[in-house]
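Here the structure is laid out as structure tokens; the discussion comes afterwards.
The values are calculated or read from the model by the stated rules, or taken from the named source; none is laboratory data. Bear in mind that the values here come from a model prediction, so they are computed numbers and not experimental data. As a convention, Cβ positions derive from the backbone with ideal geometry for all residues, glycine included, and neighbour counts pool all protein chains shown. Keep in mind that these areas ignore ligands, DNA and RNA; they rest on the heavy atoms of the full protein, side chains included. Shrake-Rupley method; radii C 1.70, N 1.55, O 1.52, S 1.80 Å.
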Amino acid sequence: MKKLSSTALRYESGQLFVLDQHLLPHQETWLECHTVEMMEAMIQALQIRGAPLIGIGAALLVAHLVEQQHSQKSLLESVARLRQARPTAVNLMYCMDRMAEALKEENWREAAIACAEGLFEQDQALCNAMASFGAALVENDDRLLTHCNAGSLATVGVGTAIGVITEACRIREGVSVWVDETRPLLQGGRLTAWEMEQAGVPYQIICDNMAASLMQAGKVDKIFVGSDRIAANGDFANKVGTYNLAVLAHFHDIPFYVVAPHTTVDVNCESGKFIPIEQRAKTEVTGVKGSFGEVCWSPHKAGAYNPAFDVTPAGLVCGWVLDSGIYDLADIKNDVLRSL
Ligand code: MRU
């Protein structure tokens, strides 16, 4: 397989390396990944995360196993297992289904390797397209707000929502970003902040519950978020807390955009109520853990409810920034997502 390189994934000399996002931003540690069990554990621990990235990471691991001469039967079993590693991001299922199709071709070894390389290159191109469509929505001096991390750590390209933001900063003047810290796992305060530093974008971290009063004070001009799955009717799942922002944006009349590639669209899912939502450990809510250490700050026996994602109804979305263009609610009602 050819050499591939992105912010959080590298394939070189027949080895796959994953940047451990659990340890960012204070430690930049690359882990070698060479088994299905390792990839599955890394996905579940969010060492590799973000909807497009987990799909492409899993595809590269399968391609690596092809190079290691695994049998066609065992590769198809690996694909089926990885497909279930996390339930909400449909990009994982998209990538695993492409790999399964390739593995069923006559020349399946070559086909599977070409498929994994193609998925990597496709994601980079899709990110560039979204960045250029979305950046046109941003004006000079806009104060943007984003949630979670939808950047180069969540894709193999420039990102979805963050791709739009960094491109907007390149072509406009005076643009700045409010970065939601994104409890419980702090993808905003740790990862988006790290990306903003690398890109030289002016930003400030806010605790999630600051967003309402910032909007009330007229200090947020536009909101861009990513997505883990968009249903056929335009409802979409993203990191828990996204729905709060959409409701607030609606109340304060602030444009709220979702940015995602077509690989995040699931036309087999009629509406948001059918999107499976991952439930995670209560310890993520009752404490905090990372390169900075580990602490449990609640009573040790405290109960906690921890769905990783929420669903924003289409009616709260001002625009869907996809790799083929920007769509509004009228387009979505005309079933545009089924024609992509
Ligand atoms: O649990 P995570 O960190 O994988 O959640 C990621 C998100 O919710 C992102 O916003 C989403 O995957 C879009 S990434 C381009």
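See the values below:
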| quantity | calculated |
| --- | --- |
| Residue check for residue 180: open to solvent by less than 10 Å² (accessible area, probe 1.4 Å), assigned by TED's automatic domain parsing to the domain that holds residue 240 and of a type in the set (Asp, Glu) | yes |
| Residues located in segment 104-158, provided they are in contact with a Ser or Thr (Cβ under 9 Å, 6 or more places away or on another chain) and among the basic types (Lys, Arg) | 143 |
| Number of the condition not met by residue 137 [criteria: (1) farther than 24 Å from residue 237 by Cα; (2) more than 16 Å from the ligand (Cβ to nearest atom)] | (1) |
| Only one of 243, 327 that is closer than 27 Å to residue 156 by Cα and more than 19 Å from the chain's Cα centre (by Cα) | 327 |
| Of the criteria (1) aliphatic (A, V, I, L, M); (2) surrounded by 18 or more Cβ atoms within 10 Å (Cβ to Cβ); (3) within 18 Å of residue 145 (Cα to Cα), which one residue 337 fails | (3) |
| Filtered residue count, segment 23-47, keeping only those that are open to solvent by less than 60 Å² (accessible area, probe 1.4 Å), farther than 18 Å from residue 123 by Cβ and in contact (Cβ under 8 Å) with a residue 40 or more places away in the chain | 6 |
| Residues that are within 22 Å of residue 26 (Cβ to Cβ) and open to solvent by 50 Å² or more (accessible area, probe 1.4 Å), drawn from segment 275-319 | 283, 289, 292, 294, 295, 296, 297 |
| Test for residue 212: is it touching a residue at least 24 places away in the same chain (Cβ under 8 Å), of a type in the set (Gly, Ala, Ser) and either within 16 Å of the ligand (Cβ to nearest atom) or surrounded by 17 or more Cβ atoms within 10 Å (Cβ to Cβ) (or both) | no |
| Residues of segment 67-92 classified as of a type outside the set (A, V, I, L, M) and either in a loop (DSSP other than H, G, I, E, B) or not assigned by TED's automatic domain parsing to the domain that holds residue 118 (or both), total | 8 |
| Of all residues in segment 309-329 being more than 19 Å from residue 251 (Cα to Cα) and in a loop (DSSP other than H, G, I, E, B), the one that is nearest to the ligand (Cβ to nearest atom) | 323 |
| One residue from 198, 204 being part of a strand (DSSP E or B) and open to solvent by 20 Å² or more (accessible area, probe 1.4 Å) | 204 |
| Selection within segment 156-175 - assigned to a loop (DSSP other than H, G, I, E, B) and open to solvent by 40 Å² or more (accessible area, probe 1.4 Å) | 158, 172, 173, 174 |
| Test result for residue 64, over 14 Å from residue 87 (Cα atoms) and either open to solvent by less than 10 Å² (accessible area, probe 1.4 Å) or in a helix (DSSP H, G or I) (or both) | yes |
| Count - residues of segment 54-86 that are touching a residue at least 60 places away in the same chain (Cβ under 8 Å) and under 22 Å from residue 281 (Cα atoms) | 1 |
| Residue check for residue 100: open to solvent by less than 30 Å² (accessible area, probe 1.4 Å) and either more than 28 Å from residue 308 (Cα to Cα) or not in a helix (DSSP H, G or I) (or both) | no |
| Subset of segment 256-287 (residues that are out of contact with any Cys (no Cβ under 8 Å at 6 or more places or on another chain) and hydroxyl-bearing (Ser, Thr, Tyr)) | 264, 271 |
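So that you can scan it fast, the table gives a plain yes or no per residue for (1) in contact (Cβ under 8 Å) with a residue 60 or more places away in the chain; (2) aliphatic (A, V, I, L, M); (3) more than 10 Å from the ligand (Cβ to nearest atom):
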{"residue": "223", "(1), (2), (3)": "yes, yes, yes"}
{"residue": "235", "(1), (2), (3)": "yes, no, yes"}
{"residue": "238", "(1), (2), (3)": "yes, no, no"}
{"residue": "241", "(1), (2), (3)": "yes, no, no"}
{"residue": "248", "(1), (2), (3)": "no, yes, yes"}
{"residue": "252", "(1), (2), (3)": "no, no, yes"}
{"residue": "256", "(1), (2), (3)": "yes, no, yes"}
{"residue": "259", "(1), (2), (3)": "yes, yes, no"}
